[in-house]
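The values are calculated or read from the model by the stated rules, or taken from the named source; none is laboratory data. Owing to the predicted nature of the structure, the values given are computational and were not obtained by experimental measurement. Here the Cβ positions follow ideal geometry from the backbone for every residue, glycine too, while neighbour counts run over all protein chains shown. All accessible areas refer to the heavy atoms of the entire protein, side chains included, with ligands and DNA or RNA removed. Shrake-Rupley method; radii C 1.70, N 1.55, O 1.52, S 1.80 Å.
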Amino acid sequence: MRKHVGVYIIIIILFLTTVISGAAAEIQDMMETMLTGSQSEPVSIVIESPEYLQIAQYEGERVESLNRLMKHFSVCINMDEDVSRTVFSIDKEPFYTIYTYVGENNQTDYEQLPNDGQESDNGEPVTDQKDDIIEFLDSRFFHMNRLLDGLYPVFENAADVYKEYSSVSSANLNFSGYGRGVKRITIQLSPDKVRELFPESFHLLSADEYTSAFLNSLSFQGNQKIILLYDKEDHLIRVNYDGILGLSAEKLRKVSIVWKCFRDENYRKDAIVLKTPEVKGYDRDNITYERDYTVTDDENASVSWNMQIDRKQGQVKRKTQFSAAISLTAGTLSGEITYNIKQDSTDQTIGVSTEIVKENRSEYNGILEITNKKGKIVTSSIKTGIRLGAGESMKRPSVSTNTDLEYMPAGHDAGAELNDTQTDFTQVLVQKLLELPKEDLSFLSKDIPDEIWNTLIQYK
């Protein structure tokens with residue numbers, strides 16, 4: 001069960017909650033939330049009454065007994081800027097809390113606190129363990145969203161900043177959904193000019209601190225070529241880039257970008273192909289990305305993505321695909337999300353679907369369904385209720401730099417030194433489960449002799 005609860009937290013905190021929390025605000029805030037992964041106001045989300053629809057290793061009565069046990073569980077997630085608090089409860093009684101927050105270098109860290117009936121302001125040391133989908137959303141998906149919006153004005157300004165290295169020609173190229181290109185500007189920079197101008201000149205191109213910091217972190221080498229295509233209204237609709245760059249002089253890649261793009265106040269559309277083979281070697285980290293979002297009016301909006309990563313590192317080849325379609329229509333938020341990884345003989349997919357209805361100005365209520373697959377085989381499918389409301393403001397907990405987990409035992413004096421004894425999530429969970437009615441524990445007690453089971457429960 002711990003694995004499946006983990007899937008809840010990963011999916012909901014790092015993507016779906018960002019969508020929902022935006023939906024509780026103004027429509028423009030919702031769109032910004034979905035693109036950047038951060039919400040403007042605190043939000044609270046409750047996951048309750050989980051029910052397995054399918055699970056590979058069980059069927060019939062075994063699934064029913066598992067659901068009788070699961071109905072006692074709920075999870076409450078409170079998100080505020082870069083801090084979130086996840087509280088696990090049984091029969092609405094909290095028994096375990098996890099804080100997550102964005103630390104240095106945008107890393108997501110965790111601290112875990114068994115509940116002792118009181119909220120603690122003291123922080124515990126963090127663990128740097130990260131699930132693959134967390135890594136994908138943090139360093140790939142939201143990063144790409146923010147960079148595309150930040151890089152668009154960079155390329156718009158490039159023709160003026162590098163005017164003396166530019167040439168202008170006519171064009172006649174039509175791209176469905178983006179427009180017809182009638183003017184082409186080609187910018188070519190020699191290695192000497194690259195050393196002279198890059199990356200210092202980027203501050204003239206971008207007012208976006210996030211994008212400027214990214215550009216200034218890059219190392220450029222050799223010739224750089226940029227081709228900009230404009231429509232008759234002088235809107236930039238395609239960017240081509242070819243050059244050698246990397247995050248350091250020792251990690252250079254031959255980068256090729258073809259980016260079709262369109263922008264207006266209520267509509268953004270992108271299709272980008274990014275190829276990054278090694279300068280010396282055979283590794284690659286190629287990305288294909290599409291995004292299409294529209295704000296129709298104050299009550300209706302939609303956004304969709306399709307992102308594919310083809311990565312080769314040494315002998316390891318890995319393909320990742322993420323697709324999502326989210327719509328807000330007259331107070332109903334619905335969406336489908338799919339995350340798939342193929343590596344060697346492994347083919348794993350997580351699918352999430354939801355429909356949430358607005359009940360009043362700031363509260364939503366609905367259903368969330370999560371399906372796990374290996375290849376084409378469904379290994380589990382679970383449905384749960386989900387409630388959304390306004391959250392509470394939180395201060396970031398204080399933490400130790402020690403990477404080992406330390407836990408706060410029940411009755412801990414906040415002024416005393418921490419006990420080194422670790423109280424594992426599973427131990428706390430089992431203790432709480434044994435307090436449930438006997439008829440709801442049949443899933444756990446099955447095939448355990450009565451004398452052994454009775455020995456176990458007498459220590460609850």
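Sorted by mean Cβ packing within 10 Å, highest first, what order do the peptides 431-437, 222-228, 167-173, 310-316 take?
In decreasing order of mean packing, 431-437, 222-228, 167-173, 310-316 become 222-228, 431-437, 310-316, 167-173.
With r as the distance between the Cβ atoms of ASP310 and THR186 and R0 = 35 Å, compute the FRET efficiency 1/(1 + (r/R0)^6) and round to 0.05.
For R0 = 35 Å, the calculated efficiency reads 0.75.
If you take every residue apart from LEU173 with its C-beta less than 9 Å away from the C-beta of LEU173, what net charge results, scoring Lys and Arg +1 and Asp and Glu -1?
Here the count lands on +3.
Checking a compactness column here: for region 138-183, what do you get for Rg(Cα) / (2.2 N^0.38 Å), N being the number of residues?
Rounded to two decimals, the normalised Rg is 1.53.
At 0.36 nm per residue, minus the direct Cα-Cα distance, what do LEU53 and ASP91 gain on full extension? Give it in nm, one decimal, please.
11.6 nm
So for HIS203, HIS235, what's the accessible-area order with a 1.4 Å probe, most first?
Highest to lowest solvent-accessible surface, that is HIS203, HIS235.
Send over the semi-axes of region 175-301's equivalent ellipsoid, whole angstrom and largest first, taken as the square roots of 5 times the C-alpha gyration tensor eigenvalues.
In descending order, the three semi-axes are 29, 17, 16 Å.
Subtract the Cα-Cα distance of SER139 and SER256 from 0.36 nm times their separation in residues, and report this length gain in nm to one decimal.
40.1 nm
Near LYS260, within a Cβ-to-Cβ distance under 10 Å, what is the net charge of the other residues, with Lys and Arg +1 and Asp and Glu -1?
Charge balance in the 10 Å sphere: 0.
Looking at the P(r) of region 252-334, how many percent of alpha-carbon pairs lie beyond 15 Å?
65 percent
Tell me, what is the FRET efficiency for ASP160 and LYS374 to the nearest 0.05, using R0 = 51 angstrom and their Cβ-Cβ distance as r?
That pair, ASP160 with LYS374, gives E of 0.45.
Return, ordered by residue number, the residues of region 248-279 whose backbone nitrogen is under 18 Å from a label point located 7 Å along Cα→Cβ of ALA207.
Counting backbone N atoms under 18 Å from the label point, the list is 263-266.
Considering the Cα positions of region 41-81, please state its Rg to one decimal place and its Dmax as a whole number of Å.
Taking only Cα atoms of region 41-81, I get Rg and Dmax of 14.3, 44 Å.
Could you compute the FRET efficiency for LYS342 and LEU247, with r as their C-beta to C-beta distance and R0 at 25 Å, rounded to 0.05?
E between LYS342 and LEU247, to the nearest 0.05, is 0.45.
Lys and Arg at +1, Asp and Glu at -1: add these up for the other residues within a Cβ distance under 9 Å of ARG291 and post the number.
With Lys, Arg at +1 and Asp, Glu at -1, the net is -1.
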